[in-house]
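One structure below.
Every read-out reported here was derived from the displayed coordinates using simple, explicitly stated rules and does not represent laboratory data. Worth saying up front: this structure is predicted, and the values here are computed from it rather than measured. Cβ atoms come from the backbone with ideal geometry, glycine included; neighbour counts cover every protein chain shown.
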Amino acid sequence: MKIAYILNTYPQPSQSFIRREIQALEAQGHEVLRFAMRRSDTPLVDVQDRAEADKTEYVLAEGKGTLVTAALQALKADPAKLYEAAKAAIAMGRASETSVLRHLVYLTEAAFVAARCRAEGVVHAHAHFGTNAAAVAMLASMLSGPKFSFTVHGPEEFDAPRALSLGTKMHHAAFTVGISQFGRSQLCRWADPDDWDRIAVVRCGIEPEKFSTPAPLPDGPRRLVAIGRLVEQKGQLALVRAMGETEEDMHLTLIGDGEMRPQIESLIAKLGLAERITLTGWVDENRIKAELDAAHALVMPSFAEGLPMVVMEAMAAARPVIATYIAGTPELVQEGKSGWMVPAGDVHALAAALDRMAATPLSNFRKMGDAARSRVLERHDVHKEAEKLAQLMRE
């Protein structure tokens with residue numbers, strides 16, 4: 001099966017799950033074309049991301065002339081279809097927080113993508129996120145492009161479902177994917193009940209072969225790692241404050257970068273935590289694995305999420321997780337069995353969980369790590385999840 005992936009900005013350091021899904025489909029014999037609207041502004045430190053960039057066609061890089069020509073060719077080929085697609089683009093633009101003009105730009109992008117898909121014999125297109133990539137996929141399908149589907153991750157899509165015309169996109173899609181049962185439930189809120197049967201759960205996956213032999217737990221004071229973009233929804237400021245409340249001997253490594261880095265650095269300095277908290281910036285997958293191996297647990301203090309890949313990776317590495325009761329996370333992390341769960345935004349509860357973690361004997365850590373590993377391998381094998389997705393496409 002020849003598949004097109006339609007994406008906004010690709011690849012990005014925080015979206016390795018898309019790369020893994022594509023590669024799993026390719027390993028099963030499918031051919032996958034990558035169409036992204038633009039390149040990432042973030043430097044790509046991982047060699048796998050750089051390789052993906054080389055395989056990706058960047059639509060906006062084709063230039064205005066090429067995109068307008070594609071739209072004119074669509075008009076010449078079937079004026080009625082272009083008219084219907086333009087009406088849909090205008091309706092989405094009026095509902096959006098951006099503009100009608102921007103959605104007409106999406107229409108020109110869609111015309112180009114539809115033409116490329118027809119030329120390549122693509123039978124199905126899949127987008128990630130319910131934002132502009134899903135809009136382009138929908139409009140391309142309306143312009144004689146392939147049938148399409150899209151995966152919704154959250155939380156952004158659930159913050160503005162009307163502005164994103166999420167229900168319209170689901171109605172036009174062959175199927176829509178949520179990455180957890182919680183995610184599916186939120187999609188059902190904004191879909192016509194007649195469309196519910198076309199909303200599936202396909203989880204983001206890990207590559208089990210990369211976690212074949214978990215590293216033994218380190219000796220010495222407890223070490224924690226947190227991984228993610230340094231933005232408000234990830235809750236790192238709450239985590240730094242919680243570190244300031246606990247008197248236990250532990251060290252935290254914060255992996256990632258983003259707009260809130262100056263505030264986080266300032267708070268670390270203000271609380272005198274420079275020796276207990278290390279910021280690394282973005283690092284490649286090998287470094288992430290090495291940091292997980294050197295840690296006793298992962299901490300995910302998010303206020304809003306879909307279902308974080310880093311939680312899956314930590315559990316596959318047989319590391320317990322401290323996480324917040326949000327979105328799909330409780331479907332994976334089980335309190336007292338594979339980690340500790342706390343209310344989102346509660347600094348005192350998070351500090352108490354850090355204390356409980358620090359007081360846990362290594363023998364209990366091993367049991368929790370084994371339980372975490374078994375659960376994630378059972379539920380989040382990327383090869384099995386990619387086969388589910390491919391089956392939906394075939395159907």
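Data for the structure
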{"read-out": "Stretchable slack from residue 120 to residue 383, in nm (0.36 nm times residue separation minus alpha-carbon distance)", "value": "92.2 nm"}
{"read-out": "Pairs from 2/234; 210/337; 337/384; 270/367 whose Cα-Cα separation, in the structure shown, is over 28 Å", "value": "2/234; 270/367"}
{"read-out": "Under 14 Å, Cβ to Cβ, from residue 150 - net charge with Lys/Arg +1 and Asp/Glu -1", "value": "0"}
{"read-out": "Listed residue (329, 252, 282) projecting farthest to the positive dipole end of the range 210-379, Cβ model", "value": "329"}
{"read-out": "Viscosity 1.002 mPa s, 20 °C: Kirkwood-radius Stokes-Einstein D of the range 210-379 over Cα pairs, µm²/s", "value": "137 µm²/s"}
{"read-out": "Length gained when the stretch residue 210-residue 280 is fully extended (0.36 nm per residue, less Cα-Cα span)", "value": "22.9 nm"}
{"read-out": "Pairwise label distance in nanometres, residue 265 with residue 48, each label 7 Å out on the Cα-Cβ vector", "value": "2.9 nm"}
{"read-out": "Percent RCO, i.e. relative contact order, over the chain, from Cα pairs under 8 Å lying at least 6 residues apart", "value": "15 percent"}
{"read-out": "Global geometry of the range 218-259, whether rounded, prolate or oblate, following the gyration tensor of its Cα atoms and the 1.5 cut on a/c", "value": "oblate"}
{"read-out": "20 Å-binned pair-distance histogram of the chain (Cα, whole percent)", "value": "27, 54, 18, 1"}
{"read-out": "Residue of 271, 298, 350 that the Gaussian network model of the chain assigns the largest fluctuation, springs spanning Cα pairs under 10 Å", "value": "271"}
{"read-out": "Residue exposure sequence - 179, 18 - by fewest surrounding Cβ within 10 Å", "value": "18, 179"}
{"read-out": "Spin-label model distance (nm) - residue 159 vs residue 2, 7 Å beyond Cα toward Cβ", "value": "3.9 nm"}
{"read-out": "Surrounding net charge for residue 295, when Lys and Arg each add one and Asp and Glu each subtract one, Cβ distance under 12 Å", "value": "+1"}
{"read-out": "Computed [θ] at 222 nm, helices only, for the chain once each DSSP H run of length n ≥ 4 contributes -39500 (n - 2.57)", "value": "-14500 deg cm²/dmol"}
{"read-out": "Taking 45, 122 and counting other C-beta atoms within 10 Å, the order from fewest to most", "value": "45, 122"}
{"read-out": "Label point at residue 196 placed 7 Å out along Cα→Cβ; residues across the range 318-351 whose backbone nitrogen lies under 14 Å", "value": "none"}
{"read-out": "Debye, to nearest 20: dipole size of the chain, +1 on Lys, Arg Cβ, -1 on Asp, Glu Cβ", "value": "720 debye"}
{"read-out": "Charge dipole of the range 210-379 about the Cα centre (unit charges at C-beta), most positive-ward option of 301, 362, 267", "value": "362"}
